[in-house]
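> Here you go, one structure.
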Amino acid sequence: MLSRKTLKLIGCGNYCRSCILTSNNCKTLTSVKFGTSRSSSLHCPLALTFSKLRYQKAGMCSGFQIGRNCSSKSQNRPVVTTTMDEEELKHFQALAKSWWDETGDFEALHAMNKLRVPFIRDGLVDQNDIVESDGLPLKDLTIVDVGSGGGILSEPLARLGAFVIGLDPVEESTTIAQLHLKEDPRVQCRVKYINGSVEDLASTESEKFDAVVASEVVEHVADLVSFVESCCKLLKPGGSLFITTMNKTVLSKSLAVFAAEKVFKIVPEGTHDWEKFVPPEDLKVILENNNMDVKMIHGMLYLPVFREWKWVKDTSINYALHAVKIDPTDVADDRL
Amino acid sequence: MAVNVMKHCVKCTRVWNQLARCQPVLSRCYQTNNNGEQVADIVISGGGMVGAAMACSLGHESVLQNKKIILLEAAPQKQFKLTEKLSNRTCTLSPASIQLFERCGVWPVIESMRCQQVLRMQVWESCSNSLISFNQDEMSDELAYVAENDVILESINRRLNEIKDRIEVMYSTKAENIQIPGGLDEPDSNAWVNILLNNGQTLKTKLLVGSDGMNSTVRKAANLHTVSFDYNQKAIVAVLNISETDNNVAWQRFLPTGPIAMLPMSDTAMSLIWTTSPEHADHLRSLSSESLVDAVNDAFWHDRDINQVADNFTNNFQKLLNNILPGESSLRQLPPTITGLQEGSVASFPLGLTHASNYVRHRVALIGDAAHRMHPLAGQGVNLGFGDVAKLTEIITKAASDGSDLGTLSYLKEYETSRQRKVLPVMATIDGLQRLYHTDFTPVVLLRSLGLQATNALGPLKNKIIEKASD
């Protein structure tokens, strides 16, 4: 039996009240009882998966590296930091406040939405043969935004109709993201932010999602192979993985690190560690080892003067990648 | 315990499935909050021609069909009936504006009501005999259409009424107080523009479009800097009657006091726009109909301003041009004689130039006269406004299909950059022309006359001008 306290602990007690107010269709669902408590959180499909997930977790505490808040009554969730460097974590905590300042420290990330959102949208529309005309091309697709930060990418994807789980190991970022979510009632029901790591999620929710997005994340992870493996594990067969990151070239070292941090000050100093950058070939090999088919790799270039990103052929600085999880039934069909 | 958990999981899956089905409905509309606050994605303040066209244009974008769009119009809803009587306020619609109207289904309504084709345009001046004329090859295609403001607005409103499930028009409503979020220092509270309406209601919106004219409340609330000056001129407008039947030419003559123009409104009617000094304008308004008709005829026909020096030069230059480029120069056509005046159609208004240094800020965009108002001498004002509508629609549609917040500055900046690149040269040219022809100083008269003649003789250059004027 799930008690009210457990529900609170798993973090969905106050979630999603607004959707009860916004639709008659939803009102019928207020009567659904979840254990002994009547919780409005049940109106959000994402809250549901997570109540399930968190419940399982609460029962298997020993299996995880649980942070300080596990037993407290607060809504904070266990912090699991397997692939995040301690030092980098501190750095981002300092930055979290400025996430939603469009012209601030994260200007380049905001600007990148003009490229990466269409990239993800068109990739998913093609992959799933979606025909739409109502402005919601990603209707009801489930997406995990790994390293969601302040939610800069999660919210646009939700606005296009997807259910998004934003995953971030920095608690302050998810708090900011959650706060910002309240400012747009349209996306509030479609996004759920979780404080945790992708390995954490993959252990309980494998093959559950239509897409996983890791945008500007892989250059920050400590264990790339384990990270990519977990991302792939989350995907349903036929699901799409989208990655944007930086190449490990002399050019990226001089432009994306030196020029961007010291000359143009596009990103704050210390944001990137060139040693962790990944060449697309390496990423491709790791993905193929995880039963993924790499559909597309495309170069991206940031123009600081115009404050905008452009698609370019050359992948030596930034690049975007789309890979699809090979569906065993399709392979079998092909053989026949 | 375990069995219970299993049961819950099954329940969860069912509820998930149900929710997946009902979710699209959730997104369709915001509802009025408990405290009488209404929430919208886009609010357009000002339902004049440009504002109404903006609403209509947004209403035709399928990407925006789930968005809540509200148009605020200060005037009450009117019952319009097309009468024989023509209105003294007209617009010259460029091909680009007509394209916008065609796209949102307004053009057929205008055509079914009343508008007149312009096939040729003749511009000349009173200080010399130089002239320039524009027409498409063989007079086959129209340069523009002249339509009454009332007809345009009514046509858009009819169309808006047909799509009222997508666009909510609030008549007799205007914004009393607008609070625009600061943006940078308060990232937690920059989500909404709050608008207090004259009926006491509050509106919250992600994007406020200001189409509330030259004294824009939105522009003031957004604290956008403007450059403005008064031309110290007044425009006289009137509806004139002529005896001609084949009425498809627009006429404009530059007088040292300001340009006078006649635009074809119907086979027997002309719309007059005469810009002149305030004293002269007041004098003209005080005249009887007959005397005003005489004054207009005189303004188009008299040759007492002719500058002998300039005239000699231009005559010789014309002969030279005729030798170099035979057949290129077009013949002077004589303007029709005015026979009368529609009773009660004379009005006047002061002229000025206003330009907002920025058309946008976080969650705000200005369109039409709220952003830029100019001298009416080329009839470009409203066309630039409709150009704003087309561009802003494009940008909002793009933002929506990228899943962006519609009031995001980076998208709005794209609108601003694109429009200022278009509007500023037009404003500068028109302001320059106005100044160039506002004198009878011999060297200036000579130079402008020769320049005009040369331009008139050069076909490709003229085609470029027509092209520029039509988009």
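> Scan segment A:96-119 and report the pairs whose first residue is more than 8 Å from every other protein chain (Cβ to nearest Cβ) and open to solvent by 40 Å² or more (accessible area, probe 1.4 Å) and whose second residue is of a type in the set (S, T, N, Q) and assigned to a helix (DSSP H, G or I), with Cβ atoms within less than 6 Å and a gap of 6+ or a chain change.
Correct list of pairs: A:105/A:98.
> Any residue at all in segment B:324-338 that is open to solvent by 30 Å² or more (accessible area, probe 1.4 Å) and assigned to a helix (DSSP H, G or I)?
There is at least one residue in segment B:324-338 that is open to solvent by 30 Å² or more (accessible area, probe 1.4 Å) and assigned to a helix (DSSP H, G or I).
> Next up: List, please: which pairs have Cβ atoms under 7 Å, are six or more places apart or on different chains, and start with a residue in segment B:62-79 that is under 21 Å from residue B:196 (Cα atoms) and within 14 Å of another protein chain (Cβ to nearest Cβ) and end with one that is open to solvent by 10 Å² or more (accessible area, probe 1.4 Å) and of a type in the set (Phe, Trp, Tyr)?
Sorted first by the residue in segment B:62-79, then by its partner, the pairs are B:68/B:30.
> Pick out the one residue from B:439, B:429 that is outside any helix (DSSP H, G or I) and within 30 Å of residue B:277 (Cα to Cα).
B:439
> What number goes with the only condition from (1) facing another protein chain (nearest Cβ under 10 Å); (2) open to solvent by less than 30 Å² (accessible area, probe 1.4 Å); (3) under 24 Å from the mean Cα position of the chain (by Cα) that residue B:423 does not pass?
(1)
> Would you pick out the residues in segment A:206-235 that are in a loop (DSSP other than H, G, I, E, B) and either closer than 20 Å to residue A:174 by Cα or not assigned by TED's automatic domain parsing to the domain that holds residue A:169 (or both)?
A:216, A:217
> Tell me, which residue of segment B:398-407 that is open to solvent by 20 Å² or more (accessible area, probe 1.4 Å) and under 14 Å from residue B:365 (Cβ atoms) is nearest to the chain's Cα centre (by Cα)?
Only one residue fits best here, namely B:398.
> Scan segment A:253-278 and report the pairs whose first residue is under 13 Å from residue A:222 (Cα atoms) and whose second residue is part of a loop (DSSP other than H, G, I, E, B) and open to solvent by 60 Å² or more (accessible area, probe 1.4 Å), with Cβ atoms within less than 9 Å and a gap of 6+ or a chain change.
Between residues of segment A:253-278 that are under 13 Å from residue A:222 (Cα atoms) and residues that are part of a loop (DSSP other than H, G, I, E, B) and open to solvent by 60 Å² or more (accessible area, probe 1.4 Å), the close pairs are A:274/A:248; A:275/A:248; A:276/A:222; A:276/A:248; A:277/A:248; A:278/A:248.
> Does residue B:378 count as within 27 Å of the chain's Cα centre (by Cα), open to solvent by 20 Å² or more (accessible area, probe 1.4 Å) and modelled with pLDDT of 95 or more?
no
> Here are A:295, A:248: which of them is basic (Lys, Arg), assigned to a strand (DSSP E or B), assigned by TED's automatic domain parsing to the domain that holds residue A:103 and within 25 Å of the chain's Cα centre (by Cα)?
A:295
> Let me ask another. Checking the condition at pLDDT below 90, open to solvent by 50 Å² or more (accessible area, probe 1.4 Å) and assigned to a strand (DSSP E or B), which residue from B:232, B:241 passes?
When all the criteria are applied, what remains is B:232.
> Given the conditions (1) in contact with a Ser or Thr (Cβ under 8 Å, 6 or more places away or on another chain); (2) surrounded by fewer than 18 Cβ atoms within 10 Å (Cβ to Cβ), report the number of the one that residue A:244 does not fulfil.
Of the numbered conditions (1) in contact with a Ser or Thr (Cβ under 8 Å, 6 or more places away or on another chain); (2) surrounded by fewer than 18 Cβ atoms within 10 Å (Cβ to Cβ), the odd one out for residue A:244 is (2).
The values are calculated or read from the model by the stated rules, or taken from the named source; none is laboratory data. Note that this is a predicted model, so its numbers are computed, not measured. So basically every Cβ, Gly included, is an ideal-geometry build from the backbone, and we count neighbours across all protein chains shown. Please note that ligands, DNA and RNA were not included when accessible areas were found on the heavy atoms of the full protein model with its side chains. Shrake-Rupley method; radii C 1.70, N 1.55, O 1.52, S 1.80 Å.
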